[in-house]
Every structure is written in structure tokens, then in C-alpha cells.
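See below for the structure under consideration.
Every number here is computed from the coordinates shown, using simple stated rules; none is lab data. Because the structure is a prediction, the values reported are computed rather than measured. Here the Cβ positions follow ideal geometry from the backbone for every residue, glycine too, while neighbour counts run over all protein chains shown.
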Amino acid sequence: MRRPSIAHVESHLASVVRTVALKLASAGQRAWVVGGSTRDLALGREPKDVDMTSAATPEEVEPLFAHVVPLGRAFGTLQLLVDGVTIEHTTFRTETDYSDSRRPTSVRFGRSLEEDAARRDFTCNALYLDPLTDELADPTGGLSDLERGILRTVGEPGARFREDGLRLVRMARFAAAFGLEIEPATWAAARASTAALVGVSVERALAEFERMFGAAGAARALALLDAAGLLEPLMPGQSALHPNVLAASEAQRLRLAALAALEPAVGVAVGFAVLLDPDPQGSDEATGTAEALLERLRPSRELRRAVAALWRVRRELESVLATPSVPRSRSIRLARDEAFEDGARIAAAFRHALGKDGAPIASLVQWKRGLRADELHPAPLLAPEDLTNAGVPRDARFGATLAALETEQLDGRLAAREDALAWLASRVRSL
């Protein structure tokens, strides 16, 4: 813990923040750095971006800056583009009636920092730093809460969660990422606020999961959500995702234990592949239900494909390890899969959760890393034209013949073009 100071902000970003504050000061408005950046400074972390606030309305702010993006203007928010940096400025405000579980129905611009602090989610996010004087304003006791390792809502926690159900997810994410304990009244209100998640859009839920998996503490964050009964309403069906041989609670325990073993760098695709794994024991190939659960979050095509690839690789790894004699061609094809190393990380993590030996996975990874490029992808002995000239029809048999030829080569049964041509002639006769 340390007292937040603009001196701990990267020099160029700090210069831009001071420039914004000086422009607002020239119009008679005092600007403050607020939110996550000030919290990060208190935690000894260097903020990557900065949000600012003041009593200046959008109409007063816009003329002061050459490049302004009116994102969220109706709610008092503008993006200010200054010297290659984007600063988000929001006018002091109070809010009422969150009818859509996200945005306030009405916003009233305020004139005081205290008014603005009263509408924020957690006390650690209601810290204000003047970048020109380095003065810290802490109207809700956020710095004291951080010093004590406490996460607490601003005001009555039930009201905060009813205003925006996604604050429940941020509660778990912040507690895990920053090593905080959730204050008892906040925790009790969270457990009683599952209904607040009903109106949360899947897009916003996906964004929170991505932030969670992109930071440290994802396993603890999900465990907190699960313990509070919030994970199931956030992702309906996930808690009941289990094979017949495992109880749902045991399957969930194994997923969370595997995620913990993957810390600190989980990653979005790996995170979803573990959280939605249809069989933590790694034997069940049926992924339809898990795919449907992921699809409800409307992920990108790339994310869907990445998760599916990780499931496939992890199960192939377990199958290979369970097979007494594996053809070299099968191992090579597995090793050159783009998802191989992350799939191996997942397999090792689940083995750790199951109390099984992870050394065989590590050995496979080391074997793959020791292969030369020409061993992973040897030059083909024959070209497609050779197959055409030999009379292989241009249908499914063409691709199957190329694959079979490569298998013969990878397994060491064919090493020269002449041998491959003879093999091809024999195969054509059997087609």
C-alpha cells in the first residue's frame, strides 16, 4: 500500500493528465483522477489508462479540446484525445432508477466530489487524486478499506447491486485480483442479489469473463461467484455441467482447482475451456452442452474455435497417454496442432486437480519442443499432380490419399519418392 501520487504514473501519461487538468483549470474547474487508476496507484500498481472527473459539463469541456469523442455524452462522459492518449472525462453526477440493470434512467450533473462518490460502486474506486497538487480526496474511506484488505460497496450494498447486477461480478473479480476480503454486509447482500443478474446482457457478461481470465485470481473470483450462488444465474447450466460418473459439485471443484493451477496467466480461451469442460476427467468426447453454454455468451468465432480446439487437444493428449503403442504420425499431428501447448497446460492442470502425475504431459511437451521443423512438417514425397497423373479421383479419396501418404512418411515406412510412387500405384489399384 502507498499513498496515490501522480509521480507514480508513467511520465507521458502523467503529462497528458496534467494537460487535461490545466485546461479544465483555465475554465475554472478542478479536475481529479478517479476510479481504477487511483486504486491501482494505492495498491502500488502502475495504471495503464486514466479516467478523470470534474464539475465541468460536456458543453463546458468540449470547447477546451481539439479532439473529443462524445461517447456516453448523455451520461456526462467524453473521450478526450490528447497527444496520442485517450482520457475519459465524466462530469460529477448523481444517478437514479437503473431500470435496465445497467444505465441510470435519469442523471443529474452534480457540483461536488462527494455527490459523485456516492454513486460509485466500491469504496476503493471512489478515490480522487488532483494531478496538479497531488491532493487525495477519500470521501468514502476507500484508502482505509484497502489498507485493511477490505472490499466494501459505497452506501447500502443491496441498492448498489440492484442498480447494476454486473457489480456482483466485479465484486468477485476485484476481491480476487487485489487480494481483498469482501466485507460481511457486502457479501450477505451479494448472496441475496441473484435476481440482479437477470437483466445483465450477455455481451457485458462476456466482457467481465474476459477481464477475469485476463487477470490474476480468476479461480478465486469464480469460486466466490459459485459460493454466492451467482455463477449459475450468470451462466445458466454451467453448475450442472458434469458427466454421469461425477457429481456436479465434484466436477465444479475440479474445474476451479484446475484454473487455480493455471494461475497467474490463464487467458480467455483457456479460461473458458476449463470452466466449461464437459468432463474434468478428460475422457468424454461429448462437448455439445458445453458448446451451447459458451454460445449463449455470443463469443467471437475465433474464441469458439479456440475453445473447441483446446477441448480436442486435451482429450487427444489423454487418449495418447492411455494408449500403449502410439504411431509416430499420430503424435506428430497432435504436436503440430496450434492448440497443443495450451491444451497441454490444461491437461496438466486437470491432472494436478485429480491428484494424477503431470510428468507424462511435461514429457510430451519437451519432446515436441525438441523436434526440428522438418520433423514436424517434412517435405511431401509426392505432389498433388502425382496423384492426378496416377488417376486418383478429385473427390474425398484425393484428400484421404494425401493423408495416408503422409502417415506412411511420418511413421518411417516411406522415405524416398520412388517408394512413394510405388505405394501410390498400389493404392490406386485398390481404390
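Table for the structure above
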item: Rough spin-label spacing in nm, given labels placed 7 Å along Cα→Cβ, for Glu10 and Ala379; result: 4.6 nm
item: Equivalent ellipsoid, the range 356-431 (semi-axes from 5 times Cα gyration tensor eigenvalues, Å); result: 32, 14, 10
item: Rounded tilt (10° steps) of 166-177 against the dominant C-alpha axis of the chain; result: 80 degrees
item: Residue among Ser54, Leu24, Thr186 farthest towards the positive dipole end of the chain, charges placed on Cβ; result: Thr186
item: Selection from Leu230, Ala292, Val266 lying farthest towards where the dipole of the range 191-341 points positive, charges on Cβ; result: Val266
item: Bridge type composition, the chain - antiparallel percent by DSSP, nearest 5; result: 75 percent
item: Dipole of the chain, positive direction: furthest Cα of Gly282, Val69, Ser430, with charges on the beta-carbon; result: Ser430
item: Quotient of C-alpha Rg and 2.2 N^0.38 Å, computed over the range 156-234; result: 0.98
item: Protection-proxy order for peptides 185-192, 142-149, each taking the mean of Cβ atoms within 10 Å per residue, highest first; result: 185-192, 142-149
item: Leu43, Leu259, Leu276 arranged by Cβ crowding within 10 Å, fewest neighbours leading; result: Leu43, Leu276, Leu259
item: Relative contact order [Cα under 8 Å, 6+ residues apart], the chain, whole percent; result: 9 percent
item: Quotient of Cα Rg and 2.2 N^0.38 Å for the chain, N being how many residues it contains; result: 1.27
item: Cα centre as origin, Lys/Arg/Asp/Glu Cβ charges: the range 245-377 dipole, Debye; result: 200 debye
item: Of all DSSP beta bridges in the range 12-102, antiparallel share, percent nearest 5; result: 75 percent
item: GluC sites (Glu not before Pro) within the range 318-364: DSSP coil, no more than 11 neighbouring Cβ in 10 Å; result: Glu338
item: Within the chain: Cβ-based charge dipole about Cα centre, in debye rounded to nearest 20 (Lys, Arg +1; Asp, Glu -1); result: 580 debye
